[in-house]
Structure formats: structure tokens, C-alpha cells
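Take a look at the structure set out below.
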Amino acid sequence: MSRTSTAARPPAGTVLVLHGGQSVSTTPTSPVQLSVLRMVPVAQAVRRAVSPGGIGVRRPRFGVRGWNGPYASPVGDVRNWLDAITGPVVLIGHSMGARAALRAAGHPRVVAVAGLAPWLPPGEPVAQLAGRAVLLAHGDRDTVTSPAETWAFADLAREVTEVTTVSVAGGDHAMLRHARGWHRLAADFAAAAFSLRGVPPRPAPPP
């Protein structure tokens, strides 16, 4: 009589939820820093949305807290994680994590990428986004990263792919105001990327 394998099946896909950080810092990240904890409810909302489809959700930590200029420290982390994953991947990042996600989106595993209150200074590349679904959401009361720079990046990215933009009225950088709305945006985007539900309605882009 043959035995049925009890080994866990690999997930049908993976969502990586990426935390924010600082402009410059080589201090190792900590599980209790606010930028890391901020993504816990986001990952939980995404998990509820995609787990029925056999999609795994991971919330890894960057090696160091900072972007660190030309080193773009978190981008290497993301690419290493992607190299170790099989199957399609959706990237969801906040602030610096969003910048890293968008930079790494050219990896062949990536099918979609979302930036929540992203940090996107002028000069960020967009060619790597070709063929990926992209969501950019920014609160209009964010005083840490620039909504205007996000919308400018979106305009450039639309030259190579389809981009959904959402302006969160009253939204702040920490995503504490209208938190459930932020979580729903991330969850709906991930679910739609894996064809688990219809694409959510698309608000008109901000002026």
C-alpha cells in the first residue's frame, strides 16, 4: 500500500510585505522597530485575502535600516529573497520598502508590485516595471514622503505598463489614519494579482 506524502506543498504563489526604513543607516533592523511593526496588520489583511488560494505571505526584514545612497541596501535583500522563491510573487512595500519593491520588480518571479506611501525621489527607474501590474497609493496628508513625486513616477511608469493610482484622502505616512482602507487596498491588489477576485474599482488619478 502506498503512502500519501505528508510534506507541505509549496505555495501557489507568494506575497512579500516589505517594511520601511531610513534614508541612511547601517544599523541592523529589529523586529520591534515601528516601521516593521507597521506592516503586521497589512500582512494579516493580505493573508486573509489570499490564503484560500494557497498563496503564502511573508514579512521579511531588511538587513539594515537604511537605503544608503548608491548601495540601495534593501534592493539586494529583495532580490536574494526572490531568488529563493518558486512561483509567482507579488511585492507590497511601504515607504522605503516600496522603493525597494519597485526597483526589484524586474525579477522574473514578480508579477505585480504595490507601493504604499512610497518614497520615490526623482530619477527612479521605471523600465523594470514592464509587464507588471502596479499600484501606487499615497495619502494626501503625508509629510514624510511626497505624493507629488509618486504621481510623477506613475506618469513615467505608464509609458511601460498599466498603473493604478489611489489618493487616500486624509491619509498620513504611517497609514494610521484610515488604516482599514490601506489594508484593504493591499489585500484587494494581491488577491486580484492572483486572480482570486475581481480587480477593485479604480479611482481617478489625482490632478
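The values are calculated or read from the model by the stated rules, or taken from the named source; none is laboratory data. Computed from a predicted model, the values in this text were never measured in an experiment. Cβ coordinates were reconstructed from backbone atoms using ideal geometry, including for glycine residues, and neighbour counts include every protein chain displayed.
Residues are listed down the side, and each one gets a yes or a no for (1) farther than 23 Å from residue 160 by Cβ; (2) among the charged types (D, E, K, R); (3) surrounded by 15 or more Cβ atoms within 10 Å (Cβ to Cβ):
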{"site": "9", "(1), (2), (3)": "yes, yes, no"}
{"site": "14", "(1), (2), (3)": "yes, no, yes"}
{"site": "29", "(1), (2), (3)": "yes, no, yes"}
{"site": "32", "(1), (2), (3)": "yes, no, no"}
{"site": "49", "(1), (2), (3)": "yes, no, yes"}
{"site": "77", "(1), (2), (3)": "yes, yes, yes"}
{"site": "102", "(1), (2), (3)": "no, no, yes"}
{"site": "120", "(1), (2), (3)": "no, no, yes"}
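Being hydrophobic (A, V, I, L, M, F, W, C) and in contact (Cβ under 8 Å) with a residue 40 or more places away in the chain is a condition met by at least one residue of the stretch 118-128. Summed over the stretch 50-83, residues that are farther than 17 Å from residue 19 by Cβ, small (Gly, Ala, Ser) and over 15 Å from the mean Cα position of the chain (by Cα) total 4. Taking the stretch 45-72 as the range and being among the polar types (S, T, N, Q) and without any contact (Cβ under 8 Å) to a residue 12 or more places away in the chain as the test, only 51 passes.
Let's see how each residue does on (1) modelled with pLDDT of 95 or more; (2) under 17 Å from residue 39 (Cα atoms); (3) of a type in the set (Val, Ile, Thr); (4) over 17 Å from the mean Cα position of the chain (by Cα):
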position: 137; (1), (2), (3), (4): yes, yes, no, no
position: 140; (1), (2), (3), (4): yes, no, no, yes
position: 157; (1), (2), (3), (4): yes, no, no, no
position: 163; (1), (2), (3), (4): yes, no, yes, no
position: 195; (1), (2), (3), (4): no, no, no, yes
position: 204; (1), (2), (3), (4): no, no, no, yes
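There is no residue in the stretch 134-154 that is under 28 Å from residue 53 (Cβ atoms), hydrophobic (A, V, I, L, M, F, W, C) and in contact (Cβ under 8 Å) with a residue 60 or more places away in the chain.
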